[in-house]
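Novice: Quick one: structure below, then a few questions.
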Amino acid sequence: MTARFVYDIAQFEHSAKGVVATLGTFDGIHRGHQAIFSRVKEASRESGLPSVLVTFDPHPRFVVSPQNAPLLLTTTPEKEEFIPYYFDGQVVVLPFTKDLMNLSAEQFVKQMLVDKIGVKKLIVGYDHAFGKNRSGNIPELRRLSHLYGFEVEVVEPVLVDGTPVSSTRIRNAILGHKYADALGLLGHNYAIYGTVERGIGLGRKLGYPTANVAYSPMKLLPPEGVYACWTEIDGESKCGMMFIGKNHFNPSGRVTVEANLFDFDRDIYDHHIVVYPTRFIRQNERFESTAELVKQIERDKISVLSILSKGAQTCQ
């Protein structure tokens with residue numbers, strides 16, 4: 001069985017024996033989350049119970065405090081791509097509404113986890129909290145587990161340089177221009193998902209056509225600049241280089257994500273694409289002419305090809 005996403009709880013496949021479950025937003029699917037998923041897999045095998053991952057869409061903070069909601073490391077469509085690498089079972093995506101937000105921890109446990117999911121063992125991270133005002137902390141969860149007849153297991157943090165891996169730490173690394181550190185904390189490549197949209201066509205005119213990615217406005221983008229990258233498009237992996245930022249020759253003035261794929265020239269407008277920026281090359285710059293821009297792009301390609309020749313980046 002592979003991960004199967006369920007967006008309507010009525011379509012959840014119930015097990016008469018109950019399930020081993022985990023619960024969280026899992027933004028980033030980082031090394032700490034991966035440790036939880038690994039333990040769920042082990043517990044499922046040990047108990048003979050199927051495994052279930054319960055998460056939310058949108059991220060709860062977009063409903064609880066939208067003015068302070070973080071840009072996401074992993075959007076829900078991206079979770080559909082990443083979670084199957086680490087989790088085997090049903091993934092229940094609960095719509096996070098104001099009604100759900102206002103459930104107390106006990107109401108959520110009874111109505112959702114016990115009655116609808118059938119939890120027999122719940123595995124969560126060391127800092128887990130849920131329910132109205134995040135009242136469902138670990139001590140409260142243990143109390144509720146005795147009341148409703150299930151077991152709770154807490155997974156200890158994954159430490160890097162003596163500090164727990166967390167989504168907040170990864171965001172801070174990305175925003176602090178420590179992109180390599182962020183990738184190390186994630187434990188996988190950072191993905192930007194979207195469809196290929198039409199841009200202003202400047203790249204093609206300059207001899208470097210780009211796939212412009214229509215990314216989610218909720219997505220946290222790496223800092224502006226040029227990156228080595230690889231992409232997945234129509235089941236094919238291609239290496240290339242990419243630009244994130246405001247193109248000063250683009251009158252729209254918006255931040256774009258554009259990938260120039262090496263040895264690739266095909267009409268892919270409106271196709272689904274995944275872009276993985278793997279190595280930061282340089283910051284975004286303003287050029288006085290397109291001729292100067294072309295010279296810099298040529299230097300960028302040489303830099304990326306050098307990385308490829310040293311085996312520091314792969315396309316799969």
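The values are calculated or read from the model by the stated rules, or taken from the named source; none is laboratory data. For clarity, every value in this text was computed on a predicted model and none was experimentally measured. Note that each Cβ is placed from the backbone with ideal geometry, even for glycine, and that neighbours are counted across all protein chains shown.
Novice: If you go through the stretch 258-274 one residue at a time, do you hit one that is part of a helix (DSSP H, G or I) and more than 23 Å from the chain's Cα centre (by Cα)?
Specialist: Step one: filter the stretch 258-274 for residues part of a helix (DSSP H, G or I), giving none.
Within the stretch 258-274, not a single residue is part of a helix (DSSP H, G or I) and more than 23 Å from the chain's Cα centre (by Cα).
Novice: Filtering the stretch 252-261 down to residues that are touching a residue at least 40 places away in the same chain (Cβ under 8 Å) and of a type outside the set (S, T, N, Q), which residue is nearest to T278 (Cα to Cα)?
Specialist: Applying the filter and picking the extreme gives A259.
Novice: Applying the selection to the stretch 121-139, what residues are more than 22 Å from F5 (Cβ to Cβ) and surrounded by 18 or more Cβ atoms within 10 Å (Cβ to Cβ)?
Specialist: Filtering the stretch 121-139 for residues more than 22 Å from F5 (Cβ to Cβ) gives 126-127, 129, 131-139.
G131, G136, listed by residue number.
Novice: Is there any pair linking a residue in the stretch 187-201 that is of a type in the set (K, R) to one that is buried (at least 18 other Cβ atoms within 10 Å of the Cβ), with Cβ under 9 Å and at least six apart or on different chains, and which?
Specialist: R198/N212
Novice: Run N189 past the list (1) at pLDDT 95 or above; (2) within 30 Å of P66 (Cα to Cα); (3) not aliphatic (A, V, I, L, M) and report the number of the one that doesn't hold.
Specialist: Of everything listed in (1) at pLDDT 95 or above; (2) within 30 Å of P66 (Cα to Cα); (3) not aliphatic (A, V, I, L, M), N189 misses just condition (1).
Novice: So how many residues does the stretch 1-55 have that are in a helix (DSSP H, G or I), of a type outside the set (K, R), farther than 18 Å from V119 by Cα and out of contact with any Pro (no Cβ under 7 Å at 6 or more places or on another chain)?
Specialist: Going through the stretch 1-55 one residue at a time, the tally reaches 3.
Novice: Mind checking whether some residue in the stretch 184-191 is among the hydrophobic types (A, V, I, L, M, F, W, C), over 24 Å from Q296 (Cβ atoms) and part of a loop (DSSP other than H, G, I, E, B)?
Specialist: yes
Novice: Moving on to the next point. Got at least one residue in the stretch 89-107 being assigned by TED's automatic domain parsing to the domain that holds V19, buried (at least 18 other Cβ atoms within 10 Å of the Cβ), among the β-branched types (V, I, T) and not in a strand (DSSP E or B)?
Specialist: No, the stretch 89-107 contains no residue that is assigned by TED's automatic domain parsing to the domain that holds V19, buried (at least 18 other Cβ atoms within 10 Å of the Cβ), among the β-branched types (V, I, T) and not in a strand (DSSP E or B).
Novice: Taking into account only those residues within the stretch 1-20 that are among the aliphatic types (A, V, I, L, M) and more than 20 Å from the chain's Cα centre (by Cα), which is modelled with the lowest pLDDT?
Specialist: M1
Novice: Of all residues in the stretch 244-267, count the ones that are surrounded by 16 or more Cβ atoms within 10 Å (Cβ to Cβ), modelled with pLDDT under 95 and either farther than 26 Å from H177 by Cα or in contact with a Phe, Trp or Tyr (Cβ under 9 Å, 6 or more places away or on another chain) (or both).
Specialist: Residues in the stretch 244-267 being surrounded by 16 or more Cβ atoms within 10 Å (Cβ to Cβ), modelled with pLDDT under 95 and either farther than 26 Å from H177 by Cα or in contact with a Phe, Trp or Tyr (Cβ under 9 Å, 6 or more places away or on another chain) (or both): 1 in total.
Novice: Hey, could you check the stretch 62-85 for residues that are over 15 Å from the mean Cα position of the chain (by Cα) and surrounded by fewer than 16 Cβ atoms within 10 Å (Cβ to Cβ) and say which is nearest to R171 (Cα to Cα)?
Specialist: A69
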